[in-house]
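Undergrad: I'd like to ask you about the structure that follows.
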Amino acid sequence: MSDAFHPRLHHVPAGSLDADTAQTGGMHRFAAISGGRVGAERLWMGQTHVAPQTASADHHHGDSETAIYVLSGRPEFVFLGEDGTEERIRTGPGDYVFIPPFVPHREENPGPEEEAVVVIARSSQEAIVVNLPGGLGSA
């Protein structure tokens, strides 16, 4: 029975993630939980994969807050600091990163062999991605 008082749970098996979501060059996003897939109203969740020795294009996620959990690899998150110079957060498995709304950034995987995989949660129904062809300072 599924109604307003008894909504059903949704199981998304590992092999059924959806690659038909907003993308940024240099990385591959896969949706697990979204409005379109399970009826989520205030949450998007999925994975991002960045190949070894690869950097994503610069981008931001609009008005969504983004929480990241590093599953594998040693991804680095690059953004502009208060003085306008690039800052870098180096992470490893088990680390978390929070990205506030509208903050331009990119993900890098400097490792020579291991793919970086992160789990992402966003405060929106779908994956909002605004790619910035003019770089980090062009938001």
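Undergrad: Being touching a helix residue (DSSP H, G or I) at 6+ places or on another chain (Cβ under 7 Å) and either of a type outside the set (A, V, I, L, M, F, W, C) or without any contact (Cβ under 8 Å) to a residue 40 or more places away in the chain (or both) is true for just one of GLU107, GLU126, GLU76. Which residue is that?
TA: GLU126
Undergrad: When you look at GLY137, is it surrounded by fewer than 15 Cβ atoms within 10 Å (Cβ to Cβ), more than 12 Å from the chain's Cα centre (by Cα) and among the small types (Gly, Ala, Ser), yes or no?
TA: Criteria met by GLY137.
Undergrad: Specify the residue that is surrounded by the fewest Cβ atoms within 10 Å (Cβ to Cβ); the eligible residues are those in the stretch 24-44 that are assigned to a loop (DSSP other than H, G, I, E, B) and touching a strand residue (DSSP E or B) at 6+ places or on another chain (Cβ under 9 Å).
TA: Within the stretch 24-44, the match that is surrounded by the fewest Cβ atoms within 10 Å (Cβ to Cβ) is GLY25.
Undergrad: Are any residues in the stretch 79-106 charged (D, E, K, R), surrounded by 14 or more Cβ atoms within 10 Å (Cβ to Cβ) and over 25 Å from GLY134 (Cβ atoms), and if so, which ones?
TA: Residue satisfying the conditions is ASP95 alone.
Undergrad: Right, THR85: among the polar types (S, T, N, Q) and more than 17 Å from THR21 (Cα to Cα) or not?
TA: yes
Undergrad: What are the pairs, 6+ residues apart or on separate chains, where a residue within the stretch 1-29 that is under 15 Å from HIS59 (Cα atoms) has its Cβ under 8 Å from a residue that is at pLDDT below 80?
TA: Listed pairs, sorted by first residue: ARG29/ALA22; ARG29/GLN23.
Undergrad: Now, a different point. Hey, can you tell me all the residues within the stretch 118-128 that are surrounded by fewer than 18 Cβ atoms within 10 Å (Cβ to Cβ) and of a type in the set (A, V, I, L, M, F, W, C)?
TA: VAL119, ALA121
Undergrad: Related question: Kindly evaluate GLU76 against the criterion of being touching a Phe, Trp or Tyr at 6+ places or on another chain (Cβ under 7 Å), of a type outside the set (Gly, Ala, Ser) and closer than 21 Å to PRO133 by Cα.
TA: Here the answer is no, as GLU76 does not meet what is asked.
The values are calculated or read from the model by the stated rules, or taken from the named source; none is laboratory data. These figures come from a predicted structure and were not determined experimentally. All Cβ positions, even for glycine, are placed from backbone atoms using ideal geometry, and neighbour counts span all protein chains on display.
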